[in-house]
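*Asks:* Structure provided below as structure tokens; questions to follow.
All of the numbers you see were taken from the coordinates with simple rules; none came from a lab. Bear in mind the structure is a predicted one, so any value in this text is a computation, not a measurement. Note: ideal-geometry Cβ built from the backbone for every residue, glycine included; neighbour counts use all protein chains shown.
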Amino acid sequence: MTKFEIVPGLVYVDRETWGADPDHPRKGYKVGRDRRTHVIIHHTVMPDTSDTSPNLWETEKEVFGMMKKLQTVRPDLGMDVPYSFVVFFMAGSTKIIVCEGRGEDRTGAHTKGHNSQGIGISFAGDFENKAVKNYDIAKRMFLVSYFLGWLKYSPSHPDYGTFKPMKNLGSMRPQDRAVFFHQDFKKTACPGKKLIPHVAQVSFIDPRLE
């Protein structure tokens, strides 16, 4: 089981730790890290319904429960989390939890035509229709940049293992930002009008320089 901080406030959790159902094993097929060229941002459109903050998550129990739901919510995409990773904004702090979906080394089921070269990162919640303060998003986005930099430059940790960096990640990108949105490839509101202005500011920051 693996759970660790990449930088303060940025917590990474693997499938075993959040309790992935072994009856729904990791799907996709192996893809080389050097083939990963771009990041595509989504939102799950599945908010936290247990309280009045639908896009903020209060406990790890809530986070892990949502990850389990994501294993089965889209059987048309296969009985597994369709994204490479899922990001949760935690209430009461600037902390984020990043949960492993299909991970770095498997194809996803998130963006047609881009599931091999693209890393699909989804933000947990509904950032199109549900209320969330701009500040609650903005104050966490630097941690997302560190996570992208971790994937690109140093995706290793003593509690996780030693892995090759994704040196080509970010080599394919829109003209004016570091990452793509789902709507760049499909007629959709995803990843949501409340999230888009903030994600447009993220970059690939090497956490080893922190």
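*Asks:* Per the Kirkwood treatment, what hydrodynamic radius in Å, one decimal, follows for the chain from the mean inverse distance over all distinct Cα pairs?
*Replies:* This gives a value of 16.9 Å.
*Asks:* Can you give me the Cα centroid spacing of the range 1-15 and the range 114-193 in angstrom?
*Replies:* If you average the Cα positions of each part, the centres end up 16 Å apart.
*Asks:* Could you please rank 1, 66, placing first whichever residue has the fewest other Cβ atoms within 10 Å of its Cβ?
*Replies:* Final ranking by Cβ density, sparse to dense: 1, 66.
*Asks:* Still on this model: Which one, 175, 28, 138, projects farthest toward the positive side of the charge dipole computed for the range 3-209 from Cβ point charges (K/R +1, D/E -1)?
*Replies:* 175
*Asks:* Please give, to one decimal in nm, the separation of the simple spin-label points placed at residue 173 and residue 3, each 7 Å out from Cα toward the Cβ.
*Replies:* If labels sit at residue 173 and residue 3, their model points lie 3.3 nm apart.
*Asks:* Work out from phi, with θ = phi - 60° and the Karplus expression 6.51 cos²θ - 1.76 cosθ + 1.60, the ³J(HN,Hα) of each residue of the range 100-114, listed in order in whole Hz, and give x for Gly and Pro.
*Replies:* So the J values, rounded to whole Hz, are 5, x, 7, x, 6, 10, 10, 5, x, 9, 10, 9, 4, x, 9.
*Asks:* Using 0.36 nm per residue, how much length does the chain from residue 116 to residue 23 gain when fully extended, once their Cα-Cα distance is taken away?
*Replies:* Going from the current span to full extension adds 31.1 nm.
*Asks:* Relative to the Cα centre, what is the charge dipole magnitude of the chain, using +1 at the beta carbon of each Lys and Arg, -1 at the beta carbon of each Asp and Glu, and rounding to the nearest 20 debye?
*Replies:* So the magnitude is around 720 debye.
*Asks:* Moving to a separate point now. Treat the count of other C-beta atoms within 10 Å as a stand-in for reagent exposure and order 7, 179 from fewest to most.
*Replies:* 7, 179
*Asks:* Separate question: Counting only residues 5 or more places away or on other chains, whose amide H sits under 5 Å from the amide H of residue 43 once H atoms are built in the peptide plane?
*Replies:* 123
*Asks:* In debye, nearest 20: dipole of the range 42-141 around its Cα centre with unit charges on the Cβ of K, R (+) and D, E (-)?
*Replies:* It works out to roughly 120 debye.
*Asks:* As an exercise, use a Förster radius of 30 Å and the Cβ-Cβ distance of residue 30 and residue 52 to find the FRET efficiency, rounded to the nearest 0.05.
*Replies:* 0.10
*Asks:* Nearest 5 is fine: what % of DSSP beta bridges in the chain come out antiparallel, could you say?
*Replies:* The antiparallel proportion sits near 40 percent.
*Asks:* If you take the beta carbon distance between residue 16 and residue 74 as r and set R0 to 22 Å, what does 1/(1 + (r/R0)^6) give as a FRET efficiency, to the nearest 0.05?
*Replies:* It comes to 0.50.
*Asks:* Still on this structure, please answer the following. Once you have the Cα-Cα distance between residue 203 and residue 159, take 0.36 nm times their residue separation minus that, and quote the gain in nm to one decimal.
*Replies:* So the chain would gain 13.3 nm between residue 203 and residue 159.
*Asks:* Calculate the FRET efficiency for residue 188 and residue 93 from the Cβ-Cβ distance with a Förster distance of 30 Å, rounded to the nearest 0.05.
*Replies:* The computed FRET efficiency comes out at 0.45.
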